[in-house]
Amino acid sequence: MAGSSAVWAAHHASCRPQHPPTSSSSQRPRRGAGVLPLPPRRGGASLAAAAATATAAPPVARTASEEAVYEVVLRQAALVEGAVASAAAARRRPRWAEEKEEEGLRGWGLLGDAYDRCGEVCAEYAKTFYLGTQLMTPERREAVWAIYVWCRRTDELVDGPNASYITPTALDRWEKRLEDLFEGRPYDMYDAALSDTVSKFPVDIQPFKDMIEGMRLDLWKSRYRTFDELYLYCYYVAGTVGLMTVPVMGIAPDSKASTESVYNAALALGIANQLTNILRDVGEDARRGRIYLPLDELAQAGLTEDDIFRGKVTDKWRRFMKGQIQRARLFFDEAEKGVAHLDSASRWPVLASLWLYRQILDAIEANDYNNFTKRAYVAKAKKLLSLPAAYARAAVGS
């Protein structure tokens, strides 16, 4: 299925969850979309559940998957705003990084080269987002590049040219490598850039581990019975990116929103991006024997797995797709509410990415919901027209 969207292309909601987290739970994520996100709740009801039911009256409780994700959100929010954040800010940087700075090599030495290489990868594979990062401070810009590259490398393990050789053991080794770089023991220059980044910003390791868990899912799971199952997968492969990058992008000093709500919005963007990937790539995934649509909702629409593999656009399919697109747009709407609460220099790349990705849903509709044989995309001219509009909106913070 479509590759993970890089780095914080969008997230944020401004409604604060009302339910306390349950005890622990640790499931993890993969193949994302876009740029950093999380989902909001209204009056204690989850957006995922509300979108799934598409009714005016939202359910009262979170689902098990939402509770699992909510715990990670709370932990990251606490890192940023509480005593843990203070400890993280005071944390010593890796000794190797300090030594390089003492030698005056930060700008053009090994660490500087590492960040430059990350920037080159970002520029090649995420051109629009890379352009937006030029407005950030150098430190934030480099940190976002480092996170982007780690996410891309992680995604390539399962979606890249050597994907057929990847085993659970290989992913275990990748997770051990992640733990080492968080402890200041990088394996290569890309690891070094991320190791330096997490030493400077209050970034929690759990979203990174969760993304690897999403990769594990893709090794064996090719069906999702309910939207709750799919929601957790979307968090793993895309929503995690928002949790990774919000600490770097920063929250506006004058924002009245709670830290938690900003992270919820970031998550919403990741979910929206991944749902869009799924809807765009139905035919491509089917040819690989995969269905990333909720099977119970397909059945309710009078559709079967055979209908997906047959790839014929019918009235039933059109009605089903309209509901799926509506849900994705709900997540985008919630995500957009949080952009204004980001640091001013970080708003444009996030908002531009959000707008551009959301237009893929318009393209699916323009293709008469034929996502079996036609690939929905946003024309280059339309992309270019969106950039100045996104810049103007980001500049006013709303």
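The values are calculated or read from the model by the stated rules, or taken from the named source; none is laboratory data. Predicted model, so just to flag it, every value in this text is computed and none were measured. Backbone-built Cβ (ideal geometry, glycine too); neighbour counts: all protein chains shown. Just the protein is used for accessible areas: all its heavy atoms, side chains included, with ligands, DNA and RNA removed. Shrake-Rupley method; radii C 1.70, N 1.55, O 1.52, S 1.80 Å.
Criterion applied to V378, V313 was being β-branched (V, I, T) and either under 29 Å from F129 (Cβ atoms) or open to solvent by less than 30 Å² (accessible area, probe 1.4 Å) (or both), and the one residue passing it is V378. Restricting attention to region 324-346, the residues being farther than 20 Å from S255 by Cβ and open to solvent by less than 30 Å² (accessible area, probe 1.4 Å) number 6.
Evaluating G283 against the criteria (1) buried (at least 19 other Cβ atoms within 10 Å of the Cβ); (2) in contact (Cβ under 8 Å) with a residue 60 or more places away in the chain; (3) out of contact with any His (no Cβ under 9 Å at 6 or more places or on another chain) leaves one unmet condition, (1). Taken over region 217-228, the residue count meeting the criterion of being more than 17 Å from the chain's Cα centre (by Cα) and crowded, with 21+ Cβ neighbours inside 10 Å is 2. Screening S353 against (1) over 25 Å from M244 (Cβ atoms); (2) small (G, A, S); (3) assigned to a helix (DSSP H, G or I) leaves a single unmet condition, (1). Looking at region 256-304, which of its residues are among the polar types (S, T, N, Q) and more than 26 Å from D362 (Cβ to Cβ)? Across region 256-304, the qualifying residues are S258, T259, S261, T304. For region 239-339, the helices (runs of 4 or more DSSP H) that sit wholly inside it and include 3 or more residues that are within 18 Å of S353 (Cβ to Cβ) are 240-249, 259-280, 315-339.
Listed by position, the helices (runs of 4 or more DSSP H) enclosed by region 114-216 that each have at least 2 residues that are under 15 Å from the mean Cα position of the chain (by Cα) and buried (at least 17 other Cβ atoms within 10 Å of the Cβ) are 138-159. Among residues belonging to region 381-398 that are under 17 Å from M249 (Cβ atoms) and part of a helix (DSSP H, G or I), point out the one that is most open to solvent (accessible area, probe 1.4 Å). Checked region 381-398; the qualifying residue most open to solvent (accessible area, probe 1.4 Å) is Y391. Looking only at residues in region 364-375 that are outside any loop (DSSP other than H, G, I, E, B) and in contact (Cβ under 8 Å) with a residue 24 or more places away in the chain, which one is surrounded by the most Cβ atoms within 10 Å (Cβ to Cβ)? Ranking the qualifying residues of region 364-375, first place goes to I364. Which of (1) more than 16 Å from the chain's Cα centre (by Cα); (2) part of a helix (DSSP H, G or I) is the odd one out, the single condition Y231 does not satisfy? Among (1) more than 16 Å from the chain's Cα centre (by Cα); (2) part of a helix (DSSP H, G or I), Y231 violates only (1). Within region 267-276, the set of residues being of a type outside the set (S, T, Y) and over 18 Å from R225 (Cα atoms) comprises L267, A268, L269, G270, A272, N273.
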